[in-house]
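Written below as structure tokens is the structure these notes are about.
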């Protein structure tokens, strides 16, 4: 029995819980799937957070970290909650913090130095690292644990659903670029150059390798379309390769998803999580930002052109080719099958909806890009 079924018109039906259990040998504790995802926040896909249903390994690191911190932290620890693996919220007698694990001492020190430099140069819209009671970082389970100041969140969180927030996020990103343009030379020998085309080629190859699995959940016509869009985009990007490497250089953020913009309790918007910083032209961040907000603009080039920082690129071939690349679909399908032995069902249903929910709009968007390219 196929995981998906189609009627005579080719409409997609979602795979049953029983099939998913048999096909991927999922533990019974996973067999509680949301079926109301069509009405859910489009920002929800792929941002799963560990709550009550932790894996045993997550529980173990949680308990070990709590015990470890209690032996060296300078204040009484009242609470340690896992946000996601290697990221925790810590409430103590001396304040509230985020505790984050890094795979190397160098990675931690780079983050500490970079955020300190941002603050020194006038970009105050981010956090600082702190070292309460000690100079050396905490080290446990092969990770170096940094302590970040905790930014009290606003009751109305930042969201790409809200037009004002989309504009505010882009404005903050522009400010970040203006600051990092001034300091980029200091990091030339430390940070890698951005290699967008190489990254997207690798992502496409992995998607093709995962295609037999993906075809269990969405029809083959959809996966073939996704591949053809990506191949079309990459061919055009290679013809315009200099656009993605030359010109003004900044320190790129690299992950401008909505959850890396945080509205604080006082209403100020912060930019957080610099784990993917690299060096390149600011347009690479703007491309990713465009890809993140397009689902909320119903895949409309006309709506995207209303954003001042993006409007100038609407007649640039290289930018249009890059917009045609379905970065989100390839990224999330590859992620869902990274551990193909036991994919997360909740995320699986979200990625199916991400793929099929706006598929016709994406097709029209791709056709519009082709028309624009023919007229440029």
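Quick notes
- Residues (more than 21 Å from residue 240 (Cα to Cα) and touching a strand residue (DSSP E or B) at 6+ places or on another chain (Cβ under 7 Å)) located in region 255-305: 260, 261, 262, 263, 264, 265, 269, 270, 271, 272, 277
- Failed condition for residue 275, given (1) assigned to a loop (DSSP other than H, G, I, E, B); (2) closer than 26 Å to residue 369 by Cα: (2)
- Selection within region 317-374 - farther than 12 Å from residue 229 by Cα and not in a helix (DSSP H, G or I): 337, 338, 339, 340, 341, 342, 343, 344, 357, 358
- Restricting 123, 158, 167 to those that are out of contact with any strand residue (DSSP E or B) (no Cβ under 7 Å at 6 or more places or on another chain) and outside the structural domain of residue 294 (by TED's automatic domain parsing) reduces the list to 123.
- Subset of region 134-146 (residues that are in a loop (DSSP other than H, G, I, E, B) and surrounded by 13 or more Cβ atoms within 10 Å (Cβ to Cβ)): 137
- Selection from region 242-251 of residues that are touching a residue at least 60 places away in the same chain (Cβ under 8 Å) and either out of contact with any strand residue (DSSP E or B) (no Cβ under 8 Å at 6 or more places or on another chain) or not in a helix (DSSP H, G or I) (or both): 243, 248, 249, 250, 251
- Condition check for residue 194: more than 21 Å from residue 117 (Cα to Cα), in contact with a strand residue (DSSP E or B) (Cβ under 6 Å, 6 or more places away or on another chain) and in contact (Cβ under 8 Å) with a residue 40 or more places away in the chain: no
- Scanning region 147-160 for residues that are surrounded by 14 or more Cβ atoms within 10 Å (Cβ to Cβ) and in contact (Cβ under 8 Å) with a residue 60 or more places away in the chain yields 150, 151, 154, 157, 158, 159, 160.
- Residues in region 282-300 that are part of a loop (DSSP other than H, G, I, E, B) and either surrounded by fewer than 20 Cβ atoms within 10 Å (Cβ to Cβ) or on the phi > 0 side of the Ramachandran plot (or both): 298, 299, 300.
- Residue match in region 72-81 (condition: free of Cβ contacts under 8 Å to residues at least 40 places away in the same chain and in a helix (DSSP H, G or I)): no
- Taking the numbered list (1) in contact with a helix residue (DSSP H, G or I) (Cβ under 8 Å, 6 or more places away or on another chain); (2) surrounded by fewer than 19 Cβ atoms within 10 Å (Cβ to Cβ) in turn, residue 338 passes all entries but (1).
The values are calculated or read from the model by the stated rules, or taken from the named source; none is laboratory data. Please read these numbers as outputs of a predicted model, since none were measured by experiment. Cβ atoms come from the backbone with ideal geometry, glycine included; neighbour counts cover every protein chain shown.
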